[in-house]
Amino acid sequence: MKSFNEHTFSRRQFVKLGGGSAVALVLAGCASGGGSSTSSDSSASDSSSSAASIKPGFITLHDENSTYDLNFINAAKEACQELGISEDTYMLKTNVPEGQECYNAAAELADAGCNIIFADSFGHEDYMIQAAKEFPDIQFCHSTGTKAHTEGLDNYHNAFASIYEGRYLAGVAAGMKLNEMIDSGKITADQAKMGYVGAYTYAEVISGYTSFYLGAKSVCPSVTMEVTFTGSWYDETAEKEGATKLINDGCVLISQHADSMGAPTACENAGVPDVSYNGSTQDACPNTYIISSRINWVPYYKYAIQAVMDGSTIDTDWTGNLSTGSVELTDLNTSVAADGTQDKLDEVKSKLEDGSLHVFDTSTFTVKGAKLDSYEADVDTDPNYTPDTEVVSDGYFHESEYRSAPYFDVQIDGIELLDTAF
Amino acid sequence: MIHISKRKEMPLSQSMAIRGLSIVLALVICGVITTILTGLNPIDVYATFFSGAFGSARKIWILLQEIAILLCVSLALTPAFKMKFWNLGGEGQVLMGALATAACMILLGDKIPNGLLIACMVVSSIVAGAVWGLIPALFKAKWNTNETLFTLMMNYVATQLVAYFIIVWEVPKGSGKIGIINQSTEAGWLPQIGDYKYLLNIILVAIITVLMYIYLKYTKHGYEISVVGESTNTARYVGINVPKVIIRTMLLSGAICGFAGLLLVGGTDHTLTTTIANGRGFTGVMVAWLAKFNPFSMIASSFLLVFMERGASEISTIYALNQSFADILTGIILFFIIGSEFFITYKVNFTKKSEEVEKADV
């Protein structure tokens, strides 16, 4: 559209433009000495040979304007700072699409001397693998991908975090809020229905909303949930409309797995409590925001970079959790949350950390009325989605153990999917 | 008073001098803005700009590949624009070519011999692009609908179609991504010449450039396009079948766009996304206009745009500036270049008040 506009100048506008540069041309006559500065030199040979010869490179899908990428960019900066890697050492390539451009960006970073390269978006994975095959001496670390454990490359790694534990805790806070509403007579126990705005019917999203629901159910047994999908990871309008639809449908509390301010804004406008994602939305939604969960990538970045500095190997699949500091809850809004939420969260958190509580404990949910005793998940990615790994044992679904990226894609009772086109 | 009149014909040396001057001027302004806003030395920034485009063999190959694809789309749009048919649907036509290519690779990969598969991809991508160009052309030729809006709307339809098929073919389920198609078998991947990933694309587009030059300049079709573009009444008067020319030209325009989609999916990316055309359908319009529809000049104008894009992204990487800053610099440079075309085409006269002001030819 940009260039479209540029070509619909009327001639009159064109004349005006020309008139402006007439003056400028005269000025240029005086100032033209400079000439066009040509390619001189260096720029690649910056002073990197300080500490070790570590040089991380980071590839992100968008830039700071996207909350998703901002989370990665901030983590990259923080990790480098904590490891004493100076600002002109590490390299950051933003706005890299999920296509050949990603391979090119990774190869350029390798050419520039990077010895460990990170990418942040799911669609970057195949191009990172392509680059990893070409540069066997350089480590390639990909967040959210699924293929490291099947590719068998020494220098290609996946990472994720047990964000389902964060979602579960956020769900506990939501359930506490529902209980408060029931106790105050605002709603009946049967009306405790939550709404959830998801992006795609992707395992990561399913794992997210299911753990959120189970968290709420652990404190408010009568809770049900409706889920709608937008078909985009970032679509402010669709997310806002989705949240509004759920609210009109009788949902008394909303959460979301999508990156824009759409759902929180809709909640603030309607006065419906919201559990946010990827960081606090308290400033914009002071009257409805309860709590938010997010992945903190600093621990992984530090771990992987440190491994290269020490010459040790990086895990093929690395899953951060509450104990590593990779899963965080941010800013409980005490003016909206129910009383005693923080104490309850601390209690549940310590149980999750010591392993006495499992999010996907099969005794806490049913699938089509029956207990889930066995489930083959599609852990090894293939075009036919072939189930290949038994993931239920010891009474719980082992999420993010057979690979770092989530693979929980079971539809459990109590959650109604309104649309599954995406 | 100032009045403006159209120039007759400017000697090449003079017009090149104006263009050169405008670029120098643009660089000076960019330098001033850079220093004010960021405190960086503008000379360093320019050096980074150049190293972003030419800094290594790989960067030069990427530069050439990007030029080739942009040039291909621009060449596709040229006959339509020369005919004054405002084809803003390049984006959608490329996407349809890409979709057809990906469909062949996914559905027929490993089922038929690779040579036959590639032949299917070539034919289907060209047909898909051509059909996407044909639809608005038919409506224009039969009912004189507004092709600007029509082609623009067709882009959205194409984007949604691609989005739909991505969900059909996504791996893993629900991810909304296809990933690299046939990564292990490389079925349907266009052959690589030696060690050079992008050489085949570059050669193919070079051939199209020459053919397009010949087509526009030396064939009857090319002549008819020029006449229809100048005046449809004249065209009708001399016995040119205007609807036929419109339809034929848009078939060609769409077909080459579809071919660009083939180069993107079969040649380099080996995946399908809704953003794979990356705005080239629109940028190509600028490339074609800047070069006044001369295919060889379009090499220069597409070079200029790709060079600035590559340089700009290098600046944002090296100096940790937001991409928007690089876009500001690109915008300034483009502004001056387009402005210089004004001075080449028109003459500015400063006259005394008393003199009668001629009606400017604008």
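Laboratory data are not the source of any read-out in this text; all were calculated from the coordinates shown. Computed from a prediction, not measured in an experiment: that's the story for all the values here. Positions of Cβ are generated from backbone atoms using ideal geometry, with glycine treated the same way; all protein chains shown enter the neighbour counts.
A Förster radius of 51 Å, combined with the Cβ-Cβ distance separating A:THR334 from A:GLU390, puts the computed FRET efficiency at roughly 0.75. For region B:66-306, the spread of Cα positions along the three principal axes, ordered from largest to smallest, is 58, 38, 32 Å. Using 1/(1 + (r/R0)^6) with R0 = 60 angstrom and r between the beta carbons of B:ILE203 and A:THR237, what's the FRET efficiency to the nearest 0.05? Using R0 = 60 Å, I get an efficiency of 0.85.
Packing around the peptides A:259-265, B:331-337, taken as the average count of other Cβ atoms within 10 Å per residue, puts them in this order, highest first: A:259-265, B:331-337. Using the rule -39500 (n - 2.57) for each DSSP H run of four or more residues, divided by the residues of the protein assembly as shown, the 222 nm mean residue ellipticity is -17500 deg cm²/dmol.
Computed over chain A, the Cα gyration tensor eigenvalues convert (square root of 5λ each) into semi-axes of 42, 30, 20 Å, ordered from largest to smallest. I need to check one value: relative contact order of region B:66-306, counting alpha carbon pairs closer than 8 Å and at least 6 residues apart, in percent. Result for region B:66-306 is 43 percent.
Subtracting the Cα-Cα distance of B:THR232 and B:ASN146 from their residue separation scaled by 0.36 nm leaves 29.4 nm.
How much FRET efficiency would the formula 1/(1 + (r/R0)^6) give for A:SER374 and B:ASN349, where r is the Cβ-Cβ distance and R0 is 60 Å, rounded to 0.05? Working shown, then result.
Details: r = 88 Å, r/R0 = 1.46.
Computed FRET efficiency for A:SER374 and B:ASN349 comes out at 0.10.
Anything over 18 Å Cα to Cα? Flag those among A:LYS55/A:LYS302; A:LYS147/B:LYS111; B:LYS140/B:LYS244; B:LYS111/B:LYS173; A:LYS344/A:LYS371, in the order listed. Over 18 Å apart, Cα to Cα: A:LYS147/B:LYS111; B:LYS111/B:LYS173; A:LYS344/A:LYS371. For the pair B:GLN183 and B:ASN114 in one chain, pulling the backbone fully straight at 0.36 nm per residue adds 23.4 nm over the alpha carbon distance. In region A:56-143, the C-alpha radius of gyration followed by the widest Cα-Cα span (Dmax) gives 12.0, 33 angstrom.
For the protein assembly as shown, state the semi-axes of the equivalent ellipsoid (square roots of 5 times the eigenvalues of the alpha-carbon gyration tensor), sorted largest first and rounded to whole angstrom. Don't jump to the answer; show the numbers that get you there.
Working: eigenvalues 520, 180, 157 Å².
Rounded to whole Å, the semi-axes are 51, 30, 28.
Shown here for region B:215-319: trypsin sites (Lys or Arg not before Pro) in loop regions (DSSP other than H, G, I, E, B) with at most 13 other Cβ atoms within 10 Å, namely B:LYS292. Largest GNM mean-square fluctuation among B:PHE85, B:PHE343, B:PHE325, using chain B with Cα springs under 10 Å: B:PHE343.
Normalised Debye scattering of region B:43-171 at q = 0.15, 0.21 Å⁻¹ gives log10 I(q)/I(0) of -0.87, -1.14, counting only Cα atoms as equal scatterers and leaving out solvent. The alpha-carbon of A:LYS193 sits under 12 angstrom from the alpha-carbons of these aspartates and glutamates, leaving out residues fewer than 8 places away in its chain: A:GLU226, A:ASP249, A:GLU416.
Suppose every K and R has +1 on its Cβ and every D and E has -1 on its Cβ; what is the size of the dipole of region A:56-143 about the Cα centre, in Debye to the nearest 20? Present the calculation step by step, with values, prior to reporting the outcome.
On the way: 3 positive and 16 negative charges, 25 e Å.
It works out to roughly 120 debye.
In this structure the amide hydrogen of A:MET91, modeled in the peptide plane, comes within under 5 Å of the amide hydrogens of A:GLY57, A:PHE58, none closer than 5 places in sequence on its chain.
Report relative contact order for region B:25-147 in percent, whole number only (criteria: Cα-Cα under 8 Å, sequence separation at least 6). Don't jump to the answer; show the numbers that get you there.
Numbers: 68 pairs, mean separation 21.0, N = 123.
This gives 17 percent for region B:25-147.
Pick out which of B:GLY92, B:GLY194, B:GLY279 has the largest mean-square fluctuation in a Gaussian network model of chain B, springs linking Cα atoms closer than 10 Å. Its mean-square fluctuation being the largest, the pick is B:GLY194. Counting only DSSP beta bridges whose two residues both lie in chain A, roughly 20 percent are antiparallel.
Compactness ratio for region A:182-305: Cα radius of gyration over 2.2 N^0.38 Å (N = residue count) comes to 1.08.
Of all DSSP-defined beta bridges confined to the protein assembly as shown, some 30% are antiparallel rather than parallel.
How big is the Kirkwood radius of region A:362-414, worked out from every pair of different alpha carbons and given in Å to one decimal? Before the final figure, lay out the partial values.
Numbers: mean 1/r = 0.0854 Å⁻¹.
Across region A:362-414, the inverse of the average 1/r is 11.7 Å.
Across the residues of B:48-58, average count of Cβ atoms on other protein chains within 10 Å? Averaged over the peptide's residues, the number is 4. Computed over chain A, relative contact order equals 16 percent, with contacts defined as Cα pairs under 8 Å that lie 6+ residues apart. Under the rule that an exposed site lies in a DSSP loop and has at most 16 other Cβ atoms within 10 Å, name the longest stretch of chain A with no trypsin sites (Lys or Arg not before Pro) of that kind, not counting the sites themselves. Result for the longest clean stretch: A:1-185.
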